[in-house]
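The block underneath contains the structure these notes are about, expressed in structure tokens.
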Amino acid sequence: MKLLMKCAFLMMAMVAMPFLVSCSDDDDKIENLSEKMLGSWIHCSTDGVYTPTNRKSVHTFVKEGNTLKMYNSIAVVGDNDPWWEYKKEMDVTIKGNHVVMKATYGDGKQVVTEMDMIRITSSEMEYQTVTHITMPGGEKIEIESRKELFTRLTKDYRNDILGTWEGHIQEGQSTYDDNLKHRWEFKADGTYVYYCEDNGVWHVSSNTKNDYFIDGTLICTRWVDPINYPGQELREWWEIGSIENGVMTWNALRQNDDGTMQTVVFKMTKVE
């Protein structure tokens, strides 16, 4: 009799289990996820560790008809596969809390990013993610699972930065800084002119490949310095803290050689 009762309870539990799991899944599902994701978000941390500015990216989710798209901006330097992408379009599909983003890049590599949304508020989006990359030759690269936190962007400085600015670092030390005053002329076509000062006179530097893009508050720059770094493409990016009344501030979180972090602040004024 006891054996029969145990079997009966076991059968009941097995029958009920799918319903319990289903209810749990329904309870955990984030309602209107596709609507809550709309807008621009910037990478803040990975696995609880703040992300250095030179490794940040921006995700912008846009509803186009009944289709959700994501536009990704990333400029991470890789030894063999450097990325320089401004608002790269990615297809997005959502099932429950599982988000899949796919794109084929200009060099032929295919990227699939899977995200399991943990939580999303009006200002923060946190998810567990893994990335699968297929190179043109068939080589597959897996970027291991990690927890990423993105925060919502509410500013876009693409137009405000146009013009000529000069200034110098106020706090910290950056890789390519020489503690002197610097001058940039940012143009609407995504290029800039860099100037050097010599005895109070500004002249155009010998740098080439002077490109930049701004997505929200993230400004990414690249250039070639044939005198000090011949044959190398150099990159540096910052977060624009503010542009107001002819004064612009940049902030960056830099990782030192020993793994510690430092905050760098750059301040400049507009040249009329």
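The values are calculated or read from the model by the stated rules, or taken from the named source; none is laboratory data. Keep in mind it's a predicted model, so treat the numbers as computed, not measured. Glycine also receives a Cβ, built like all others from the backbone with ideal geometry; neighbour counts cover every protein chain displayed. Surface areas here come from the heavy atoms of the whole protein model, side chains and all, with no ligands, DNA or RNA. Shrake-Rupley method; radii C 1.70, N 1.55, O 1.52, S 1.80 Å.
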Report summary line: So the carbon and sulfur contribution to the accessible area of the chain, 1.4 Å probe, in percent, is 52
Report summary line: Under the rule rounded for a/c under 1.5, else prolate if a/b exceeds b/c, else oblate, using alpha carbon gyration tensor axes a ≥ b ≥ c, the range 205-272 is classed as oblate
Query - Estimated 222 nm signal from helices in the chain, with DSSP H stretches of n ≥ 4 weighted -39500 (n - 2.57), rounded to 500 - result: -4000 deg cm²/dmol
**Report entry** Residue among 132, 97, 217 farthest towards the positive dipole end of the chain, charges placed on Cβ
**Finding:** 97
Report task. Note down the magnitude of the dipole of the chain about its Cα centre, charges +1 on Lys and Arg C-beta and -1 on Asp and Glu C-beta and zero elsewhere, to the nearest 20 debye. Result -> 780
Query - Candidate aspartates and glutamates - alpha carbon under 20 Å from residue 109, same-chain residues fewer than 8 apart omitted - result: 79, 81, 85, 89, 91, 139, 142, 144
Query raised in the report: Using the Karplus equation 6.51 cos²θ - 1.76 cosθ + 1.60 (θ = phi - 60°), what ³J(HN,Hα) coupling, rounded to whole Hz, does each residue of the range 177-184 give in order, writing x for Gly and Pro?
Result: 8, 10, 6, 9, 6, 10, 9, 10
Query raised in the report: So, in Å, what gap is there between the alpha-carbon centers of the range 49-90 and the range 161-200?
Result: 25
Report summary line: When the charge dipole of the chain is computed with +1 on Lys and Arg Cβ and -1 on Asp and Glu Cβ about the Cα centre, the Cα farthest towards its positive end, among 117, 165, 145, belongs to 117
Query raised in the report: Which of 202, 84, 223 moves most in a GNM of the chain, Cα contacts under 10 Å?
Result: 202
Query - At R0 = 51 Å, FRET efficiency that the Cβ-Cβ distance of residue 98 and residue 272 yields, to 0.05 - result: 0.45
Report task. Please label the shape of the range 25-79 as rounded, prolate or oblate, based on the square roots a ≥ b ≥ c of the eigenvalues of the alpha-carbon gyration tensor (a/c under 1.5 means rounded; beyond that, a/b larger than b/c means prolate, else oblate). Result -> oblate
Query raised in the report: Using the Cα gyration tensor of the range 129-272, with a ≥ b ≥ c the square roots of its eigenvalues, what is the shape: rounded (a/c below 1.5), prolate (a/b larger than b/c) or oblate (neither)?
Result: prolate
